[in-house]
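Heads up, the thing below is written out as C-alpha cells.
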Amino acid sequence: MRWLLGLGVLIAYDQLGQWLMRTVQWPIPGSVVGMMLMFLTLLLIKQPPTAVVQASMSLLKHLAFFFVPAGVGILLLFDLLANEWLAMLVSMVLSTVISLLFTAQLMQWLLPATVDRTADDG
Amino acid sequence: MTVDWSSWFPANPLWGVLLTVGVYFLANRLFQKARQTPLLHPVLVSVLVIIGLLWWWELDYAAYMSGGQLIHFLLGPATVALAWPLYQSWPTFKRCLWPVLVAVTCGILVGATSAIYLAAWLGASELTQLSLAPKSVTTPVAIVVSEQLGGLPALTAGFVIITGVVGAMFGAQIFRWMGVDDPRVSGLAMGVSAHGVGTARAWQLDHTMGAYSGLGMGVAAVMVAFVLPPWLWLLGWL
C-alpha cells in the first residue's frame, strides 16, 4: 500500500511540473521540473519518505521497461531507417566516442584544481 | 489453415500491456543469463521481438499502442523518481559542484553538436539530426526534449538505447587508452555520454565510477532540458 501511495506522489509531482510549465509557457519538459521539485523536497525535508523512496526504487529498477512502447514506434519509421541507417549509426558511434573523450578530458582538467583527490577515498 | 490474428487480438488495451510485460520479462532473463552484456540490452531485444510479432500477426502500431501507452504514461513519474538517486549522490555532488556542472553541460553540448553535424555531413535528414541531438540522456527525458526540438520521439528512443550500448561497450577501453585512472572522471563521462546503460556498466566496473556515472546521468537529464534548445537555436538549427 505504501508503494502505491509513493507512486501517487510521483504522479502528482509530474503533473505539477506539467501544469507549471504549461502555465508559464516555458519550453522545459514538465517531468524534468517535477524531478527538480522532488529533489528540492528531499533536500528540504531531511528524512526521505519511505513511500516515495520505495516507489522510486521499483520504478527505476526496471526503468528500461517503460520505454519499450516508445521504442516499438520505430516500426513506423521503416523507410527513414532504410535510407539513413548508415549515417545514423556512424554519427551515433562517433559522437558517443567524442562525448566520452571530451567529458573525461574536461572533468580531469577541472577536478584537481578544485577538489583534493585524496579526500575522496571511501 | 490461416488464422485472422488481427481479429483474434482483442481490442482490449491490456493485450498490449501483456505482450510488453511478457516479452520484456523473457528479454530480461536472457540479458541476465548473458551476464548483462550491453549488446543484449532487454529494451533492444524487446523492441525487435515485439516489432517482429506485430508484423507476423499483421497488427499495426495503433493496436499495440492502445495498451503500450498505459506503460508509456509512466515515463513521467519515472523521470520524477530520478530525483532519488540524484539526492543520494548529493554529498558527492556538493563537494565538486562546479566541475560537475561545467563538465556535464559542456559534455552534452559537445555530444549533441557532434552528432548533429556528423549526421548532416553524412546526408541524413533534418528530422534525423534533431532526433539525434538528445540521444545521450536518459530515455524519458530524451523523448520529451526530442519532441520539443521537432524530432521524432520514437527515433530518439532507439538512438538513446543504441548510444547507451555503444558507450557501455567501448567506454572502458577508451578510458584505458586515454590513460584516465580516476573513477570519478571515467564515471562522470560515462553517465553524460551513455546514461543508464552506461551507468549499469560503470557499477560493474567500480563503485566510485558507478556513483559518479549516476551523478553525471542525473545532472545531464536536468541540464539538457535547459541548455540544448537554446544552444541549437544559437547555432541556427531551430
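The values are calculated or read from the model by the stated rules, or taken from the named source; none is laboratory data. Bear in mind the structure is a predicted one, so any value in this text is a computation, not a measurement. Positions of Cβ are backbone-derived with ideal geometry, glycine not excepted, and every protein chain shown enters the neighbour counts.
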Suppose the filter is touching a residue at least 24 places away in the same chain (Cβ under 8 Å), surrounded by fewer than 16 Cβ atoms within 10 Å (Cβ to Cβ) and within 30 Å of A:Leu86 (Cα to Cα); does B:Leu39 pass it? yes
Hey, could you check the stretch B:72-106 for residues that are of a type in the set (Ser, Thr, Tyr) and assigned to a helix (DSSP H, G or I) and say which is farthest from the chain's Cα centre (by Cα)? B:Thr92
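Does the stretch A:9-32 contain any residue that is aliphatic (A, V, I, L, M), touching a residue at least 40 places away in the same chain (Cβ under 8 Å) and in the same structural domain as A:Leu59 (by TED's automatic domain parsing)?
Yes, because at least one residue in the stretch A:9-32 is aliphatic (A, V, I, L, M), touching a residue at least 40 places away in the same chain (Cβ under 8 Å) and in the same structural domain as A:Leu59 (by TED's automatic domain parsing).
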Note down all Cβ pairs under 6 Å where the first residue falls in the stretch A:50-61 and is within 9 Å of chain B (Cβ to nearest Cβ), the second is assigned to a helix (DSSP H, G or I) and surrounded by fewer than 18 Cβ atoms within 10 Å (Cβ to Cβ), and they're at least six residues apart or on different chains. A:Ala55/A:Trp3
Step by step: first the residues of the stretch B:145-165, then only those that are facing chain A (nearest Cβ under 9 Å) and surrounded by fewer than 24 Cβ atoms within 10 Å (Cβ to Cβ), then the one that is farthest from B:Ser46 (Cα to Cα). Which residue is that? B:Gln148
Residue check: is B:Tyr64 at pLDDT 90 or above and under 30 Å from A:Leu37 (Cα atoms)? no
Expected single match for among the hydroxyl-bearing types (Ser, Thr, Tyr) and buried (at least 23 other Cβ atoms within 10 Å of the Cβ) among B:Ser89, B:Ser125, B:Ser114, B:Ser136 is B:Ser136
Lone unmet requirement of (1) in a helix (DSSP H, G or I); (2) at the interface with chain B (Cβ under 9 Å from one of its Cβ atoms); (3) closer than 23 Å to B:Pro134 by Cβ for A:Leu111: (3)
Checklist (1) farther than 21 Å from B:Arg201 by Cβ; (2) surrounded by fewer than 22 Cβ atoms within 10 Å (Cβ to Cβ) applied to B:Met178, failing item: (1)
Single residue of the stretch A:63-107 satisfying the filter (closer than 18 Å to B:Leu39 by Cβ and more than 7 Å from every other protein chain (Cβ to nearest Cβ)) that is surrounded by the most Cβ atoms within 10 Å (Cβ to Cβ): A:Leu89
Only listed residue being on the phi < 0 side of the Ramachandran plot and not in a helix (DSSP H, G or I), chosen from A:Trp3, A:Trp26: A:Trp26
Please go through (1) under 17 Å from the mean Cα position of the chain (by Cα); (2) facing chain A (nearest Cβ under 8 Å); (3) surrounded by fewer than 20 Cβ atoms within 10 Å (Cβ to Cβ) for B:Ile51 and return the number of the only condition it doesn't satisfy. (1)
Does B:Ser131 satisfy the criteria of being touching a Pro at 6+ places or on another chain (Cβ under 9 Å) and either under 15 Å from A:Ser91 (Cα atoms) or surrounded by fewer than 20 Cβ atoms within 10 Å (Cβ to Cβ) (or both)? yes
With within 10 Å of another protein chain (Cβ to nearest Cβ), assigned to a helix (DSSP H, G or I) and either closer than 12 Å to B:Val137 by Cβ or in contact with a Ser or Thr (Cβ under 7 Å, 6 or more places away or on another chain) (or both) as the only criterion, which of B:Ser213, B:Ser193 stands out? B:Ser193
Flagged in the stretch B:131-155 as assigned to a helix (DSSP H, G or I), farther than 13 Å from B:Met223 by Cα and of a type in the set (Gly, Ala, Ser), in numbering order, are B:Ser131, B:Ser146, B:Ala154
Of (1) touching a Ser or Thr at 6+ places or on another chain (Cβ under 8 Å); (2) over 22 Å from B:Phe93 (Cα atoms); (3) at the interface with chain A (Cβ under 7 Å from one of its Cβ atoms), B:Leu188 satisfies every one except (2)
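Just to be sure, is B:Gly171 farther than 20 Å from A:Leu80 by Cα and at the interface with chain A (Cβ under 7 Å from one of its Cβ atoms)?
When the stated conditions are applied, B:Gly171 passes them.
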